[in-house]
Amino acid sequence: MIKSFEELTEEKINFGKYHYIVIFILGLVFISEGMEMCAISLIFPILKVEWQISENIQAIIGSSLFIGFFFGSLIAGMIADKIGRKKSIEIICLFQFFLGVFSTTITNPYVFLILS
């Protein structure tokens, strides 16, 4: 029997242990993305002096972060459709981790532009 909208809204959906774990893990992912934005904004003045980059390159690097978020979300959605959400989150988190570690060794603004 098909339930009406009113009947469906009256049913109580409980959160379980699984839901809290997922919320915690995804919260950590979002925190790491926010920290990446904060770190880039803090090191911009240092990079400008150290690498002697122009304001234009600095603006492009700042914009590339949000462009990367856009395309990363699109690609992550496609990956999730193909292999499932759990596996895609694992792969994307590992990819983000390794890129974050690799970004600590960058000595060139153009490589920084690609990885940010």
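Quick note: the coordinates plus some simple rules give every number you see, no bench work behind them. Keep in mind the model is a prediction, meaning the values are calculated, not measured. Because the Cβ atoms are built from the backbone with ideal geometry, glycine has one as well, and the counts that use them run over all protein chains shown.
The angle between the Cα long axis of helix 85-102 and the main principal axis of the chain comes to about 20°, on a 0 to 90 degree scale. What's the FRET efficiency of I43 with F95 using the Cβ-Cβ distance as r and R₀ = 30 Å, to the nearest 0.05? The formula returns an efficiency of 0.85 here. Length gained on full extension, F102 to D81: 4.8 nm, using 0.36 nm per residue less the C-alpha separation. Taking Lys and Arg as +1 and Asp and Glu as -1, the other residues whose beta-carbon sits under 13 Å from that of I91 total +3. Checking (i) 39, 15, 14; (ii) 45, 14, 12; (iii) 28, 16, 15 against semi-axes √(5λ) of the Cα gyration tensor in Å calculated from these atoms, the matching label is (i).
Round to the nearest 10 and give me the degree value, 0 to 90, for the angle of helix 55-83's Cα axis relative to the longest principal axis of the chain. That works out to roughly 30 degrees. Counting only alpha carbon atoms, the long axis of helix 17-50 and the longest principal axis of the chain meet at about 10°.
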